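Before any comments, here is the structure.
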Amino acid sequence: MDNSCPRSKNNMIYFANPQEQFKSFKTEIEESISRVLKSNSYILGEEVNCLEKEFSSFIGTKFAVGVANGTDAIEISLRALDIGFEDEVITVSHTAVATVAAIEATGATPVLADIETDFYTIDTNNLESLFSDRTKAVIIVHLYGQCANIPAIKSFCKEKNISLIEDVSQAHGAYFKNLRLGTYGDISCFSCYPTKNLGAIGDAGLIATNNKKLFDKIKGIREYGWSEKRYISNYAGKNSRLDELQAAVLRVKLRNLDKLNNRRTEIAKRYTKFLEKFDSVKTPKIRKESSHVFHLYVIRLEERDHLINFLKSKNIFPGIHYPIPIHLQPAYENRLKISKNIKNTELVSKEILSLPIYPELSNEQLDYILNCLNLFFCRK
Ligand SMILES: *Cc1c(COP(=O)(O)O)cnc(C)c1O
């Protein structure tokens, strides 16, 4: 490998870069946008309708509903399940704060479990000790692009007769066994924030389910609780409509999602092949019988902060997902119910680093990053 590591001045490489994706679908996206502009229908129209059908058929559920963002998707799902005040919902502290914010938005209490260090997803051994007679649901987060331990969580929820919600905001299109994530829970939630594997050009979210009753209720809650008839609210709802522009852009991206995910996987393979040689770095493990769509490529190492500074000096800007566990953040510290043992979450947050990964990252850019990593790990 070429050991020279020139500093590329005007060529910053970030851990995600949604603009590059716009460039690669420019014509199709601009056509879609222009179609919406001329349609005189800007919110919950044909584009949203079509997206919902295309998305549910892609995921493999009977129904899908477009909403304003991923946080709302979770809040609306919980409300559709009648979860709110005095109820508890189990999830993890190692996730986007959105997961926990959505639980609190319903009035319910988040209860936070630890994670397993191999996959960074919920430690199912925690579940029993966190369960109480107020527990109404578990939200599993399929973090970084692959699934949590679905069989263990599913059997726990079944045994306790509580609901299972999947937060698939980081794993659009990934599989467990022969089914896509989002088909295993009672309801599943997807953020389509611009950097996600399926990303809009603004805020957007999707909810999927096989249950007709829940589907009707979710559609109602999305728009003031209206059902068939406008101006008649059957449920206490909110405004979380998806607009046509976002839906039209998402339809273009959805048609290409498997291809985009394959490119992410390809990049991840190159990172892993290269980094595996260094004992001080822990590369991502892929769970048996599942695919990993690498929303993020997360490594773990003790000298994390040194590596970040080094890469920054080379115009490479990694991320940290997430630097502070939710139960230690100012807004939540000392007031959430958490697992007695949440050590892995706290340890991992100090050592994880997200290397640049997005489908449009070129092989030249990847070579450059690998060269820089090589320089860092062979520097002594
Ligand atoms: C991005 C994300 C969300 C929140 O989605 P928004 O669209 O930003 O509201 C929720 N959960 C996880 C795991 C996420 O990564």
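Once R0 is set to 35 Å, what does the formula 1/(1 + (r/R0)^6) return for the Cβ-Cβ distance between ASP133 and ASN178, expressed as a FRET efficiency to the nearest 0.05?
Working from the Cβ atoms, E equals 0.45.
Taking 35 Å as R0, compute the FRET efficiency from the Cβ-Cβ separation of ILE33 and CYS378 and round it to 0.05.
0.15
Set the Förster radius R0 to 45 Å, insert the Cβ-Cβ distance between GLU86 and ASP305 as r into 1/(1 + (r/R0)^6), and round the FRET efficiency to 0.05.
The calculated FRET efficiency here is 0.60.
Can you quote the Å³ per residue value for the convex hull of the Cα atoms in the chain, rounded to an integer?
In the chain, the Cα hull volume divided by residue count equals 140 Å³.
Angle between the Cα long axis of helix 257-275 and the longest principal axis of the chain, 0 to 90 degrees, nearest 10?
30
Can you tell me the 0 to 90 degree angle between the C-alpha axis of helix 363-377 and the longest principal axis of the chain, rounded to 10?
60
Starting from 0.36 nm per residue, how many nanometres of slack lie between LYS62 and VAL97 once their C-alpha separation is accounted for?
9.7 nm
What residue among GLU116, GLU104, GLU159 shows peak mean-square fluctuation when the chain is described by a Gaussian network model with Cα springs under 10 Å?
Ranking GLU116, GLU104, GLU159 by mean-square fluctuation puts GLU159 first.
Got a sec to turn the phi values of segment 15-27 into Karplus ³J(HN,Hα) couplings, 6.51 cos²θ - 1.76 cosθ + 1.60 with θ = phi - 60°, whole Hz, x for Gly and Pro?
Once rounded to whole Hz, the list reads 5, 8, 7, x, 4, 4, 6, 4, 4, 6, 10, 3, 4.
Neighbouring Cβ atoms within 10 Å as the yardstick, rank ILE74, ILE326 fewest first.
Starting with the residue having the fewest Cβ neighbours, the order is ILE326, ILE74.
Taking the Cα centre of segment 23-254 as origin and charging only Cβ (+1 Lys, Arg; -1 Asp, Glu), how large is the dipole, in debye to the nearest 20?
In debye, rounded to 20, segment 23-254 gives about 800.
Per DSSP H run of at least 4 residues, take -39500 (n - 2.57); add these up for the chain, divide by its residues and hand me the 222 nm value, nearest 500 deg cm²/dmol.
Value at 222 nm, helices only: -11500 deg cm²/dmol.
At a Cα cut-off below 24 Å, give the lysines reachable from LYS259, other chains included and same-chain residues fewer than 8 away excluded.
LYS23, LYS26, LYS53, LYS62, LYS177, LYS196, LYS269, LYS273, LYS285, LYS288
What distance in nm lies between label points placed 7 Å from Cα along the C-beta direction at LYS229 and ASN11?
Placing both labels 7 Å beyond Cα along the Cβ direction yields 6.4 nm.
Once the piece of chain linking GLU20 and LYS285 is laid out straight, how much longer is it, given 0.36 nm per residue of separation minus the C-alpha distance between them?
Stretched fully, the GLU20-LYS285 segment lengthens by 92.6 nm.
With an 8 Å Cα cut-off and a minimum separation of 6 or more residues, compute the relative contact order for the chain in percent.
23
Of the residues TYR120, TYR42, TYR322, which exhibits the maximal mean-square fluctuation in a Gaussian network model of the chain defined by a 10 Å Cα contact cut-off?
The residue that fluctuates most here is TYR42.
For the chain, set up a Gaussian network in which alpha carbons nearer than 10 Å are linked by springs, and say which option among GLN246, GLN329, GLN365 fluctuates the most.
Among GLN246, GLN329, GLN365, the largest GNM mean-square fluctuation belongs to GLN329.
Hey, for a label at ARG263 modelled as a point 7 Å past Cα toward Cβ, could you say which residues of segment 26-58 have their backbone N under 20 Å away?
The answer is 26-33.
FYI, it's all coordinate maths here, none of it is from the lab. The shown structure was predicted, so the numbers you read here are calculated from the model rather than taken from an experiment. So basically every Cβ, Gly included, is an ideal-geometry build from the backbone, and we count neighbours across all protein chains shown.
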